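Visitor: My questions all concern the structure below.
The values are calculated or read from the model by the stated rules, or taken from the named source; none is laboratory data. All values reported here derive from a predicted model rather than from experimental measurement. When we count neighbours, we look across all protein chains shown, and the Cβ atoms used for this are built from the backbone with ideal geometry, even at glycine. The area values use the complete protein model at the heavy-atom level, side chains included, leaving out ligands, DNA and RNA. Shrake-Rupley method; radii C 1.70, N 1.55, O 1.52, S 1.80 Å.
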Amino acid sequence: MKVDDKDLKVFLNDLGLVSKKDLESAFSEAKKAGKSFGDVLVKKKLIPLEEMEKLQAYVLGIPFVDLTKIEIEPEVLHIISEPVSKQYGAIAFEKKGSQLRIAMLEPNDLQFIDFISKKTGLNVIPCITNKKGIKKGLKLFQKSLEAEFGEMVGGVDAISFDDGEKLIIKKDKKEKEDVDLEKAAEDIPVIKIVDTLLKHAILEGASDIHIEPEEKDVVIRYRVDGVLHDAMTLPRVVMLGIVARIKILSNLKIDEHRLPQDGRFKIETGENKVAFRVSILPVFDGEKIVMRLLNETSNDLTLEQIGFRERDLAVTEIEIKKPNGMILVVGPTGSGKTTTLYTIAAILNTPDVNISTLEDPVEYRMPRVNQSQVNAKINFTFASGLRTLLRQDPDIIMVGEIRDKETAELAVHAALTGHLVLSTLHTSSAAGTLPRLTDMGIESFLVASTANVIISQRLVRKICPECKEEFSFNEADFESLAKNFDIDMISEAVKKSGVLKKEYKNNKQMWLDIKFYKGKGCNKCRNGYKGRLGIFEVLQIDDQLSKLISGSAQVDEIEQASRESGMTTMLEDGIIKVVQGKTTLEEVVRVTKE
């Protein structure tokens with residue numbers, strides 16, 4: 001919570017803690033540099049940090065509490081749940097009668113205080129604390145989780161979180177091989193362990209859970225915002241029970257250890273309804289489990305929300321409204337293709353059309369849409385299913401993925417005969433999709449006459465809004481940018497995008513003037529990033545491109561022609577979003593490098 005610099009200066013002058021000369025010097029420096037007066041005083045070592053925090057609290061008229069020096073009862077701590085405490089930077093630390101004292105980073109958040117008061121029925125007294133105190137309070141939640149896991153596995157020799165919040169449990173016992181799997185799966189400790197793993201994955205916003213057996217341990221990893229990180233380490237002795245429990249939840253064979261298995265189950269936790277797509281693979285040390293989390297309660301997204309900018313949005317909306325043709329979304333695994341496809345399908349899902357889908361698997365349920373899941377074991381493939389769908393009087397067909405020549409031919413045939421076909425393909429760029437289809441055996445003139453628009457995409461992590469800080473390029477940064485990119489090309493794309501407030505003739509000066517942003521890392525994010533958005537290139541098949549494709553033009557020719565028609569490449573779209581302060585240059589480079 002910020003104290004007005006002038007008020008702080010007057011207060012310190014009255015106290016006489018700092019000489020008038022030093023006060024004036026620090027005040028002028030803070031004003032000139034655009035920094036907090038209090039931060040400058042601490043940096044110049046005129047006032048210790050702890051003393052400054054207390055003085056600022058006094059000026060605000062709010063009690064300061066140092067959570068690092070007080071004991072908090074577990075029952076008081078848990079009055080506010082861990083995710084809420086983490087999100088709002090608030091720790092419940094004392095309860096006396098009907099009064100609840102909460103340490104907060106922002107004690108003027110009246111909406112939050114009112115929410116806690118109504119939820120608990122207590123009179124909330126806000127206090128101010130520092131980030132160190134909040135961090136200490138959040139670690140108390142971890143300790144309660146440690147106790148929970150320790151109780152579950154029993155006989156634990158050591159259990160702790162490392163600095164990266166990784167849970168480590170060590171147990172000096174050997175794994176039992178002659179275990180009754182059904183009994184192991186129904187043991188209360190095993191059920192609690194699995195439930196806890198799932199709960200924490202949901203709270204962290206993970207998209208995948210990896211459970212990996214090793215010689216002595218079981219490593220649990222979560223994928224958050226597209227990046228895998230270690231979550232916890234469990235003793236090897238619990239692995240058989242965990243595998244058996246997840247197999248039972250997924251309705252799989254618990255005594256099958258030699259073959260891969262796939263399954264699915266759902267759970268509801270409070271406001272969340274989450275489906276888990278389970279894949280089990282035999283590995284050297286046992287069976288590895290990967291679970292994909294699909295939040296079925298998430299709100300419908302719009303194209304703007306997932307990252308489409310003005311030109312790309314306008315082109316896509318025009319092309320998806322056409323009664324026939326193909327809308328193709330391309331990119332590698334994990335690039336968000338399915339989300340984009342579902343978003344388009346949701347836009348088109350009106351009472352006057354019949355939408356049918358073929359998916360592997362069905363990831364999200366859509367009302368009024370006929371969704372079918374392919375099953376290779378009974379020969380219900382994309383190709384065979386597509387033949388049947390064409391007899392179901394569809395207006396719009398969504399095919400999860402075009403994987404082979406037969407599916408590609410049927411999709412093209414459907415587009416030619418008056419249907420709108422939505423599908424995905426694994427290629428690295430929009431222009432590269434066209435030769436990929438011809439490699440599958442589709443004649444180039446058929447591709448030219450059926451493809452409406454091709455959307456290539458990747459996902460980048462967004463800068464955390466809570467710890468976002470500004471910086472500018474120096475000469476060395478600009479030289480590095482010019483060395484690694486076509487500086488004229490990306491400069492022109494940024495200028496055309498309209499994100500700059502003034503016009504520049506000198507590209508170097510433009511990059512030196514642009515304000516960039518990064519996240520320094522806080523208790524509400526992971527390494528300065530929180531959430532993801534897409535970067536796109538949207539290739540519209542106009543008459544000129546259609547002629548080039550029919551003439552079997554090379555990828556470079558197609559890309560050049562599409563750029564001349566106004567297409568922004570994925571790299572350019574990413575850099576524009578860097579300039580907008582949505583992501584970082586490092587993220588764009590990470591996902592676009594070939």
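Visitor: Can you tell me, using C-alpha contacts under 8 Å and at least 6 residues apart, the relative contact order of segment 346-470 as a whole percent?
Guide: Working: 148 pairs, mean separation 23.7, N = 125.
Result for segment 346-470 is 19 percent.
Visitor: Rounded to the nearest 0.05, what FRET efficiency is calculated for residue 395 and residue 266 with R0 set to 41 Å and r the Cβ-Cβ distance?
Guide: 0.85
Visitor: So for segment 507-583, averaging the separation of alpha carbon pairs under 8 Å that are six or more residues apart and normalising by length, what relative contact order in percent results?
Guide: That works out to 38 percent.
Visitor: Amide H to amide H under 5 Å from residue 124: which residues, 5+ apart in sequence or cross-chain, H placed 1.01 Å off N in plane?
Guide: The answer is 100.
Visitor: In segment 17-126, which trypsin sites (Lys or Arg not before Pro) are in a loop and have at most 14 other Cβ atoms within 10 Å, using DSSP for the loop call?
Guide: Sparse-neighbourhood loop trypsin sites (Lys or Arg not before Pro): 35, 44, 45.
Visitor: So, with a 1.4 angstrom probe, what is the percent of accessible area on segment 435-505 that is carbon and sulfur?
Guide: 45 percent
Visitor: Here's something else I'd like to know. Listed here are the pairs 337/530; 54/515; 199/288; 139/266; 86/199; which of them are more than 22 Å apart at the Cα?
Guide: Working: 337/530 20 Å; 54/515 33 Å; 199/288 20 Å; 139/266 30 Å; 86/199 16 Å.
In this structure, 54/515; 139/266 exceed 22 Å between Cα atoms.
Visitor: A further question on this structure: Report the extension gain between residue 492 and residue 322 in nm, rounded to one decimal, defined as 0.36 nm multiplied by the number of residues separating them, less their alpha carbon distance.
Guide: 58.0 nm
Visitor: Sort 250-263, 416-429, 532-545 by packing, meaning the average of other beta carbons within 10 Å per residue, with the highest value first. Let's see the in-between values first.
Guide: Working: 250-263: 13.3, 416-429: 19.1, 532-545: 21.4.
The packing order, highest mean first, is 532-545, 416-429, 250-263.
Visitor: On C-alpha positions alone, give me the angle between the axis of helix 110-120 and the longest principal axis of the chain, in degrees, nearest 10.
Guide: Orientation of helix 110-120: about 90 degrees from the principal axis.
Visitor: Taking N as the number of residues in the chain, what is its Cα Rg relative to 2.2 N^0.38 Å? Don't jump to the answer; show the numbers that get you there.
Guide: Values: Rg = 28.6 Å, N = 594, 2.2 N^0.38 = 24.9 Å.
After normalising by residue count via 2.2 N^0.38 Å, the value is 1.15.
Visitor: Can you show me the helix-derived [θ] at 222 nm for the chain, built from DSSP H runs with n ≥ 4 at -39,500 (n - 2.57) apiece and divided by the number of residues, rounded to the nearest 500.
Guide: So the helix-based figure for the chain works out to -12000 deg cm²/dmol.
Visitor: Relative to the longest principal axis of the C-alpha atoms of the chain, give the angle of the C-alpha long axis of helix 555-564, reported between 0 and 90° and rounded to the nearest 10°.
Guide: Between helix and principal axis, roughly 70 degrees.
Visitor: Right, here's the next one. What residues of segment 389-405 lie in the reach of a label at residue 370, counting those whose backbone N is under 12 Å from a point 7 Å from the Cα along Cα→Cβ?
Guide: What the label zone holds, given the 12 Å backbone N cut-off, is 389-398.
Visitor: How much accessible surface area, in Å² rounded to 10, belongs to the heavy atoms of residue 445 with a 1.4 Å probe?
Guide: 120 Å²
Visitor: Another question, if that's okay. Using heavy-atom solvent-accessible surface (probe 1.4 Å) with all chains present, what is the largest-first order of 191, 355?
Guide: Descending order: 191, 355.
Visitor: Would you please name the trypsin sites (Lys or Arg not before Pro) within segment 300-390 that are DSSP coil residues with at most 13 other C-beta atoms within 10 Å of their C-beta?
Guide: Taking segment 300-390 and a limit of 13 other Cβ atoms within 10 Å, the loop trypsin sites (Lys or Arg not before Pro) found are 321, 365, 368.
Visitor: Then there's this: Considering only protein heavy atoms and a probe of 1.4 Å, how much of the accessible area of segment 209-355 is carbon and sulfur, as a whole percent?
Guide: Ligands and nucleic acids excluded, carbon and sulfur give 50 percent.
Visitor: For segment 307-436, what does the alpha-carbon gyration tensor say about shape, rounded, prolate or oblate, given a ≥ b ≥ c as the root eigenvalues, a/c under 1.5 as rounded, and a/b over b/c as prolate?
Guide: Verdict is rounded for segment 307-436.
Visitor: Further question: Simple spin-label model, 7 Å along Cα-to-Cβ: residue 106 to residue 301 in nm?
Guide: Modelled inter-label distance: 2.5 nm.
Visitor: Hey, another quick one. Please report the antiparallel percentage of DSSP beta bridges with both residues in the chain, rounded to the nearest 5.
Guide: Values: 65 of 97 bridges.
For the chain, the DSSP antiparallel bridge percentage is about 65.
Visitor: OK, next. Over the chain, what relative contact order in percent results from Cα pairs under 8 Å that are six or more residues apart? Numbers along the way, then the final one.
Guide: Numbers: 989 pairs, mean separation 52.4, N = 594.
The value is 9 percent.
Visitor: Counting only heavy atoms of the protein chains, get the accessible area per residue of the chain (1.4 Å probe) and round it to a whole Å² value.
Guide: Using a 1.4 Å probe on heavy atoms only, each residue of the chain averages 51 Å².
Visitor: By how many nm would the segment from residue 550 to residue 310 lengthen if fully extended, with 0.36 nm per residue of separation less the alpha-carbon distance?
Guide: That pair, residue 550 and residue 310, stretches by 83.5 nm at full extension.
Visitor: Working from the pairwise distances between different alpha carbons, so that the mean of 1/r is found and then inverted, what is segment 8-55's Kirkwood radius in Å?
Guide: 10.5 Å
Visitor: Something else now. Report, in degrees rounded to the nearest 10, the 0 to 90 angle that the Cα long axis of helix 405-416 makes with the longest principal axis of the chain.
Guide: 80 degrees
Visitor: Computing the accessible area with a 1.4 Å probe over protein heavy atoms, can you report the carbon and sulfur percentage for segment 357-427?
Guide: Ligands and nucleic acids excluded, carbon and sulfur reach 47 percent.
Visitor: Stretch residue 45-residue 483 to full length: gain in nm at 0.36 nm per residue minus the Cα-Cα span?
Guide: Extending this stretch completely gives an extra 153.6 nm.
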